[in-house]
Amino acid sequence: MGLPSEIVGLIPARSGSVRIKDKNIRSLAGWPLLAYSIRSALDSGIFRKVVVSTDSGKYGDIAAHYGADVLMRPPEFATETSPDVDWLLAAINALPQYDLAAIIRPTSPFRTAATIRRAWVQWQERGREFDSLRAVAPCGEHAAKQWRIIGGLLIPVLVQPEPQPWHSSQKSTLPKFFTQTGGLEIMWTAMVKATGTIAGERIMPFVVEGAEAHDINIEDDWLIAEQMIRDGRA
């Protein structure tokens with residue numbers, strides 16, 4: 001596939017957040033959370049259209065106020081257990097003119113226009129070699145030190161090397177691991193339709209760190225975001 005010159009930005013904003021009620025429109029430093037993603041997407045200058053996918057008329061009105069187009073999502077694609085690919089397929093089927101789509105989640109308010117432009121430059125250089133791009137950040141808690149409890153026993157999540165297992169090693173000696181963030185994903189729309197997945201098999205890593213890697217999923221994340229703003233870190 002050749003690289004197109006246009007891409008649609010999609011911001012998912014369902015209304016049924018459980019861990020933080022009405023998270024996507026809750027005020028962070030005077031702005032509804034989804035406004036941060038709308039403005040960074042618009043200010044990046046790479047999208048022909050920035051669209052908020054939502055099941056709520058109220059959310060849609062707020063999104064439109066901050067400059068986004070709005071696409072109403074079917075209720076069955078907006079439940080707590082609905083897979084992302086359902087609303088994504090509905091969106092790209094409603095916008096068939098785009099070969100590429102980006103998911104810009106409201107839960108990453110400090111992903112900036114510059115972050116998006118940096119990812120776009122990276123994608124333009126090598127995107128034809130991949131199915132998608134995904135933002136990842138260096139792990140805080142290393143996966144080699146994570147455990148499951150099975151039959152009353154602690155079992156490492158990862159197979160451990162011998163004679164020195166990773167769970168008993170200094171983090172600086174371990175392979176570098178990354179965790180996905182909600183900051184940004186870019187994917188070929190034809191791949192999504194063909195595979196029924198967002199990522200596909202060949203995923204380009206886009207490394208983010210610091211404020212642009214911060215995701216808000218629970219109340220503690222929200223408190224950290226407020227503190228980052230007060231401290232001038234975001």
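The values are calculated or read from the model by the stated rules, or taken from the named source; none is laboratory data. Note that this is a predicted model, so its numbers are computed, not measured. With ideal geometry, Cβ positions are generated from the backbone for all residues, glycine too; neighbour counts draw on all protein chains shown. Accessible surface areas use protein heavy atoms only, side chains included; no ligands, DNA or RNA. Shrake-Rupley method; radii C 1.70, N 1.55, O 1.52, S 1.80 Å.
Computed quantities for the displayed model
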{"quantity": "Matching residues in segment 125-172 - criterion: being under 28 Å from His214 (Cβ atoms), in a loop (DSSP other than H, G, I, E, B) and either within 24 Å of the chain's Cα centre (by Cα) or not hydroxyl-bearing (Ser, Thr, Tyr) (or both)", "calculated": "Phe130, Asp131, Cys139, Gly140, Glu141, His142, Gln146, Val157, Leu158, Gln170"}
{"quantity": "Odd one out for Asp69, checked against (1) acidic (Asp, Glu); (2) touching a strand residue (DSSP E or B) at 6+ places or on another chain (Cβ under 7 Å); (3) modelled with pLDDT of 95 or more; (4) loosely packed, with under 13 Cβ neighbours inside 10 Å", "calculated": "(4)"}
{"quantity": "Selection within segment 5-24 - open to solvent by 30 Å² or more (accessible area, probe 1.4 Å), in contact (Cβ under 8 Å) with a residue 12 or more places away in the chain and under 25 Å from Arg117 (Cα atoms)", "calculated": "Glu6"}
{"quantity": "Unmet criterion (only one of (1) modelled with pLDDT of 95 or more; (2) within 18 Å of Gly200 (Cα to Cα)) for Gly182", "calculated": "(1)"}
{"quantity": "Subset of segment 188-221 [surrounded by 17 or more Cβ atoms within 10 Å (Cβ to Cβ) and either in contact with a helix residue (DSSP H, G or I) (Cβ under 8 Å, 6 or more places away or on another chain) or without any contact (Cβ under 8 Å) to a residue 60 or more places away in the chain (or both)]", "calculated": "Thr189, Val192, Ile198, Met204, Phe206, Val208, Ala211, Glu212, His214, Asp215, Ile216"}
{"quantity": "Cβ pairs under 8 Å, 6+ apart, first in segment 28-48 and over 13 Å from Leu10 (Cα atoms), second assigned to a helix (DSSP H, G or I) and polar (S, T, N, Q)", "calculated": "Pro32/Asn24; Leu33/Asn24"}
